[in-house]
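Asker: Have a look at this one before I ask anything.
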Amino acid sequence: MPTQINVNGAMHSVDVDDDTPLLWVLRDVVGLTGTKFGCGVALCGACTVHIDGVPRRSCITTVGSIGNASIRTIETLDANPIGKALQKAWLDLEVVQCGYCQSGQLMSAAALLAGNPKPSDADIDTVMSGNICRCGTYGRIRSAIKQAANQLGSSQESA
Amino acid sequence: MRDQESNSVSRRAFLASAAAVGGGLLIGFRVPVAGASQDTSALAPNAFVRVDRDGRIKVTLPYVEMGQGAYTAQAQLLAEELEVDIEQLTLEHAPPNEALYSHPVFGDQITGGSAGLRGAWEPLRIAGATTRVLLINAAARRWRVNPKTCIAERGEVVHARSGRRLKYSELVDAAARLPAPENVPLKSPADFKLVGKSVKRVDTPDKVNGRAKFGIDAAPAGVKFAAVAACPVFGGKLGSLDDSAAKAVRGVRQIVRLEDTVAVVADHTWAARKGLAALKIKWNEGASARIDTKQLMAELDAGLDQEGVVAVAKGDVSAAEAGAASSYEAVFRLPMLAHLAMEPINCTAHVRKDGCEIWVGCQRLALARRMAAEALGMPAEKITIHNHLLGGGFGRRLEADYVAQAVRIARHVDGPVKVIWSREEDVQHDYFRYHNHSRVRVALDAQQAPVSFSHKLVGPAVMARWLPVFFKDGVDFDIISVAAGAYSWPNVRVEYVRRDPPTGLNFGNWRGVGASRNAFIVESVIDDLARRAGSDPLAYRRKLLAGSPRLLAVLDKAVELANWESPLPPGRGRGVAVLDDFGSYVAQVAEVTVGRNGRVRVDRVVCVVDCGLAVNPDIVKAQMEGGIIYGVSAALYGKITVANGRIQQGNFDDCPVVRMQDAPRIDVHVIPSGEAPGGVGEPGTAVVFPAVTNAIFAATGKRVFELPIDATQLRIS
């Protein structure tokens, strides 16, 4: 029987075995290719999505384990202010090189800021060290997270 | 014909220079720009630019985008001369076409060797300028004025005196009928509006919202998904196969057997992977089944005692050695390395009776097409390749083995099939940077000044297969590149002993190519000589670099920015290294902390680069930053080993790479310059190996002769 999943606010019926990792369901069945395959065993973070707001490695998260939870992918990162601020900072500071890992980086960063609006360097390092970037954009990622945090902080103060 | 002549002349000049000084890519000639379209509905005077009647300007980009900023830089060059804003351009990946999109020096369609920008520098500016001149001439004719009284700006031709203006779109038909001008004037750097500016990258907005399409994201209608296993023993073949359990996996459609590979084709990747895991495969392991790293290294060590081919000879090394007061000798051993691009190897193909369509991200598109044609026994013209963004290249995608594999699978499949390698497959069937071992001997006079430098290099000849014009008289021009550094040795000998890996163990290019091998060796030797002479490694280098003002300038700037003289606490050290290659000059100062357990942390790297005119300074910085992280990963962890003919590593657990918490702070300074542009993708990687190991020496007094850095050797017992 097909499984129903809620991706980016829309319901999808997917006819796959329960042990299928969400990564492949998103990419090959639903057709959302922004979430990336990097290692398949939760070592690199390229496949990071949010499940009920919690960052999860979709390559080891089976579709059968999700139930009614709401899945957010990079394709709707801009639906909330944190995502928007991060995307802007990423472009302002020209973080991106090849870009393949950046969906995962941004999803991890968004989850970080949601739980910790003013992260220290150490906070950022701890969370973001789960995401590998072979182009070596780490320094700019750290700066961009801080810039986004600052922007979000000051817009809250002014509101 | 002129085209071919200028290419061959320049290639000869390049080869001569490569042989003489061991590297450096020289481009200083005019490349006539071919590929005018017969289509009269648009202005398309060459293969790079097309102005449509609706005002759209389509630019075809010959150099692929793998994160290095190639698309942005190419767009800058063309837009600069065409006098349009970058936003007015529609950018497209070039299709495979050797005649139109070959690199002027490599002679094939290649994005690599830190040479893309240098390859594009003249052709794309000429392409833009030719189009601009045609549009100006068309406007001048319409207005019956002298073209010299007209200028182009922001997509319009303007007659300054009368203030009349015409949009490019209004001039397309008239301009398309005019003969293409020859020897068009290129803008003077003083007039550059885009070149030399850190304009925003064109490829990144879609990379922060999931919209960017990499090869792995290709989704032609009806696509199926394949998981593959190639024989884990290199050179081995498929023996017997029991696929009954695999066929029973839900979603599995078919099993494809190739000579050395099995593919499971399914409705989605997970079904394909489950099917693959359910296969019972027996491999015929073949002749390599007992090979291990120890044996491979022993073969390279044996090469050190063998006579090689003399690749560089200056003066009389033997006489200098005979008359020397003392001598220095050291042996260096470099490991096998994998590339580990974030996007695992993949290729999508649809083979029909009458042709083949391929979706991929590849650094050598024309080679990809030739290999697909050969695999299918089909003329190359029948093969269409859609290139995509590359999720990292680093040299791995300079090969096209995965394209040949994909079409071999796809010919058995009805409809398109996307082949995605697992990370383990990606690591174990890489085209590795193969081992090389070196012995360096330096003869010294009574004052510890070098009188000769002799470097015997044992390693693979990548160019013999990969780009045969760079392999001549038994010498691989890549592996000997910068093998004597930029130092003014009175007598020099570079000797090369070729040692390719056993058949089936694939080897290729890795970021930094020859320089990533030799910068470590030469810069370690110099450092060692300085310590031996009781001299500061900086002062010692400066004396031997008197003939290299640009290198001296970056060196001086780097030590200034790094505060070279300031003391560091115990356990920390600072090391310096320089490189003159790829047409660029780079100096780095690394600061490391070595723990009592020997663990090395790279705290900071200061990098100064003189790459001539920096077309986009921020991209230059980003390339240096990225190159440094890539090199630090390899220096600390990079090591691929073989046991029983198999690669022993497979994923980021046993191939660790630098993560954010280990990443050094990096400060890059770009020297302003009006010289011809140099390459920036690779030198940052090459220089950081010795900058780090020299810093380790400063911290511990221990010299690293073998990579990767072995913490157990640095432990304080």
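The values are calculated or read from the model by the stated rules, or taken from the named source; none is laboratory data. It should be emphasised that the depicted structure is a prediction, and the values quoted were computed from it without experimental measurement. Every residue, glycine among them, receives a Cβ derived from its backbone with ideal geometry; neighbour counts consider all protein chains shown. Just the protein is used for accessible areas: all its heavy atoms, side chains included, with ligands, DNA and RNA removed. Shrake-Rupley method; radii C 1.70, N 1.55, O 1.52, S 1.80 Å.
Asker: Can you give the percent of C-alpha pairs in the range B:105-167 whose distance is more than 18 Å?
Answerer: Distances greater than 18 Å cover 47 percent of the Cα pairs.
Asker: Shifting gears a bit: Considering amide H positions built from the backbone, and no H for Pro or chain starts, which residues 5 or more places from B:Asp478, or on another chain, come under 5 Å of its amide H?
Answerer: B:Met463
Asker: With the dipole of chain A worked out from charges on the C-beta (+1 for Lys and Arg, -1 for Asp and Glu) around the Cα centre, which of A:Asn68, A:Ala42, A:Gly115 lies farthest toward the positive end?
Answerer: Toward the positive end, the furthest listed residue is A:Gly115.
Asker: Which residues of the range A:90-117 end up with at least 50 Å² less accessible area in the presence of all protein chains than when their chain stands alone, using a 1.4 Å probe?
Answerer: SASA drop of 50 Å² or more in the range A:90-117: A:Leu91, A:Glu94, A:Val96, A:Gln97, A:Cys98, A:Tyr100.
Asker: If you roll a 1.4 Å probe over the heavy atoms of the protein chains, what accessible area per residue do you get for the range A:80-158, in Å²?
Answerer: It amounts to 34 Å² per residue over the range A:80-158.
Asker: What accessible area per residue, rounded to a whole number of Å², is obtained for the range A:3-76 using a probe radius of 1.4 Å?
Answerer: The answer is 34 Å² per residue.
Asker: Taking the Cα centre of chain B as the origin and placing charges on Cβ (Lys, Arg +1; Asp, Glu -1), which of B:Tyr101, B:Ala302, B:Ala410 is farthest toward the positive end of the dipole?
Answerer: B:Ala410
Asker: Which whole-percent values make up P(r) of the range B:570-641 when all C-alpha to C-alpha distances are grouped in 5 Å steps starting at zero?
Answerer: In whole percents, the pair-distance histogram is 3, 13, 21, 23, 16, 12, 7, 3, 1.
Asker: In square angstrom, what is the accessible area per residue of chain B with a 1.4 angstrom probe?
Answerer: Counting only protein heavy atoms, the per-residue value for chain B is 36 Å².
Asker: Another question, then. In Å and from the alpha-carbon atoms only, list the Rg and Dmax of the range B:369-513.
Answerer: Radius of gyration, then largest Cα-Cα span, for the range B:369-513: 20.7, 76 Å.
Asker: Separate question: How far is helix A:102-115 tilted off the main Cα axis of chain A, in degrees rounded to 10, range 0 to 90?
Answerer: 70
Asker: Explain nothing, just the number: dipole magnitude of the range A:82-159 about its Cα centre with +1 on each Lys and Arg Cβ and -1 on each Asp and Glu Cβ, in debye rounded to the nearest 20.
Answerer: The dipole magnitude comes to about 140 debye.
Asker: Just by accessible area at a 1.4 angstrom probe, what is the order of B:Met624, A:Met11, B:Met66 from largest to smallest?
Answerer: In descending accessible area the options line up as A:Met11, B:Met66, B:Met624.
Asker: How fast does the range B:346-407 diffuse by Stokes-Einstein, in µm²/s, taking the Kirkwood radius from C-alpha pairs at 10 °C and 1.306 mPa s?
Answerer: 141
Asker: Relative to the present Cα-Cα distance, how much length would full extension add between B:Ala330 and B:Glu92 at 0.36 nm per residue of separation?
Answerer: Between B:Ala330 and B:Glu92, full extension yields an extra 80.7 nm.
Asker: Pop the C-beta distance of B:Ala287 and B:Lys314 into the FRET formula with R0 = 45 Å and round what comes out to the nearest 0.05.
Answerer: 0.60
Asker: So for the range A:3-76, averaging the separation of alpha carbon pairs under 8 Å that are six or more residues apart and normalising by length, what relative contact order in percent results?
Answerer: Contact order relative to length: 40 percent.
Asker: Note the buried accessible area between A and B here, summed over both chains, with a 1.4 Å probe, in Å² to the nearest 100.
Answerer: So the buried area, both faces added, is about 4500 Å².
Asker: Next up: Counting other C-beta atoms within 10 Å, and keeping those with at most 13, which DSSP coil GluC sites (Glu not before Pro) do you find in the range B:255-301?
Answerer: Those that pass, being in a loop and sparsely packed, are B:Glu259.
Asker: Okay, next question. Where Rh is the Kirkwood radius over the Cα pairs of chain B, the temperature 10 °C and the viscosity 1.306 mPa s, what D in µm²/s does Stokes-Einstein return?
Answerer: Translational diffusion coefficient: 59 µm²/s.
Asker: Then there's this: At 1.4 Å probe size, with the rest of the protein present, what percent of the exposed accessible area of the range B:330-374 is carbon and sulfur atoms?
Answerer: Ligands and nucleic acids excluded, carbon and sulfur give 48 percent.
Asker: Right, next: On the Cα set of the protein assembly as shown, report Rg and Dmax in Å, please.
Answerer: 27.6, 87
Asker: Treating cross-link reach as a plain straight distance, find the lysines whose alpha-carbon is under 23 Å from the alpha-carbon of B:Lys314, omitting any fewer than eight places away in the same chain.
Answerer: Those lysines meeting the cut-off are B:Lys456, B:Lys472, B:Lys543.
Asker: While we're looking at this one, here's another question. Describe numerically, in nm with one decimal, the distance between label points set 7 Å from Cα along Cα→Cβ at B:Asp500 and at A:Ala79.
Answerer: Result: 5.5 nm between the two label points.
Asker: With the convex hull built on the Cα atoms of the range A:1-64, state its orientation-averaged projected area in nm².
Answerer: For the Cα atoms of the range A:1-64, the hull's average projected area reads 3.9 nm².
Asker: When the chain is fully extended, how far beyond the present Cα-Cα distance does B:Arg211 get from B:Glu560, taking 0.36 nm per residue of separation?
Answerer: Extra length from B:Arg211 to B:Glu560 when fully extended: 121.3 nm.
Asker: Using R₀ = 30 Å, calculate the FRET efficiency as 1/(1 + (r/R₀)^6) where r is the Cβ-Cβ separation of B:Ala221 and B:Arg257; round to 0.05.
Answerer: The pair B:Ala221/B:Arg257 has a calculated efficiency of 0.65.
Asker: May I ask which of B:Lys193/B:Lys621; A:Lys88/B:Lys58; B:Lys224/B:Lys274; A:Lys88/A:Lys146 have a Cα-Cα span longer than 23 Å here?
Answerer: A:Lys88/B:Lys58
Asker: Note down the relative contact order for chain B as a percent, whole number, built from C-alpha pairs under 8 angstrom at least six residues apart.
Answerer: 14
Asker: Given +1 on the Cβ of Lys and Arg, -1 on the Cβ of Asp and Glu, and no further charges, what dipole in debye does the protein assembly as shown carry about its Cα centre, rounded to the nearest 20?
Answerer: Using only the charged Cβ atoms, the result is roughly 740 debye.
Asker: Length gain on complete extension for the stretch B:Leu568 to B:Lys237, per 0.36 nm per residue less the alpha carbon to alpha carbon distance?
Answerer: Full-extension gain reported as 113.5 nm.
Asker: Which FRET efficiency value, to the nearest 0.05, is calculated for B:Arg142 and B:Leu186 with the Förster distance at 30 angstrom and r the Cβ-Cβ distance?
Answerer: 0.75
Asker: Next question, about the same structure. Where does each of B:Lys543, B:Lys237, B:Lys639 land when they are ordered by accessible area, with a 1.4 Å probe and the largest first?
Answerer: Descending order: B:Lys543, B:Lys639, B:Lys237.
Asker: Still on this model: Could you rank A:Arg57, B:Arg144 by how accessible they are, 1.4 Å probe, largest area first?
Answerer: Sorted by accessible area, descending: B:Arg144, A:Arg57.
Asker: To the nearest 500 deg cm²/dmol, what mean residue ellipticity at 222 nm is calculated for chain B from DSSP H runs of n ≥ 4 alone, each contributing -39,500 (n - 2.57), summed and divided by the residues?
Answerer: After summing the helix terms and dividing by the residues of chain B, the value is -9500 deg cm²/dmol.
Asker: Quantify, in whole percent, the carbon and sulfur part of the accessible surface of the range B:524-654 (1.4 Å probe; protein heavy atoms only).
Answerer: 48
Asker: Can you find, among B:Pro708, B:Leu529, B:Ala349, the residue sitting farthest towards the positive end of the charge dipole of the protein assembly as shown, where Lys and Arg contribute +1 and Asp and Glu -1 at Cβ?
Answerer: Final value for the positive-end residue is B:Ala349.
Asker: OK, next. List the residues of the range B:330-363 that lose 40 Å² or more of accessible area once all protein chains are present, compared with their chain alone (1.4 Å probe, heavy atoms only, no ligands or nucleic acids).
Answerer: Those are B:Met342, which lose 40 Å² or more relative to the chain on its own.
Asker: Using a Gaussian network for chain A with springs between C-alpha atoms less than 10 Å apart, which of these wobbles most: A:Gly40, A:Gly130, A:Gly31?
Answerer: A:Gly31
Asker: Measuring from centroid to centroid over Cα atoms, what is the spacing of the range A:72-138 and the range B:443-513 in Å?
Answerer: 42
Asker: In addition: Connecting C-alpha atoms closer than 10 Å in a GNM of chain A, tell me which of A:Thr61, A:Thr73, A:Thr126 has the biggest fluctuation.
Answerer: Taking springs between Cα atoms under 10 Å, the residue moving most is A:Thr126.
Asker: Still on this structure: Tell me, what is the 1.4 Å probe accessible area of B:Trp466, in Å² to the nearest 10?
Answerer: 20
Asker: Counting only the backbone N, which residues of the range B:216-257 are under 20 Å from the spot 7 Å out from the Cα of A:Ala10 toward its beta-carbon?
Answerer: B:217-223
Asker: Right, here's the next one. Name the GluC sites (Glu not before Pro) in the range B:521-570 that are in a loop by DSSP and that have at most 12 other C-beta atoms within 10 Å, would you?
Answerer: Listed in order of number, the matching sites are B:Glu565.
Asker: Any idea what log10 I(q)/I(0) is at q = 0.11 Å⁻¹ for the range A:1-148, Debye with uniform C-alpha scatterers and no solvent?
Answerer: Calculated log10 I(q)/I(0) at the listed q: -0.38.
Asker: Further question on the same structure: When only Cα pairs under 8 Å and 6 or more residues apart are kept, what is the percent relative contact order across chain A?
Answerer: 23
Asker: For the range B:586-717, with only Lys/Arg (+1) and Asp/Glu (-1) charged at the beta-carbon, what is the dipole magnitude about the Cα centre, in debye rounded to 20?
Answerer: The calculated dipole for the range B:586-717 is roughly 600 debye.
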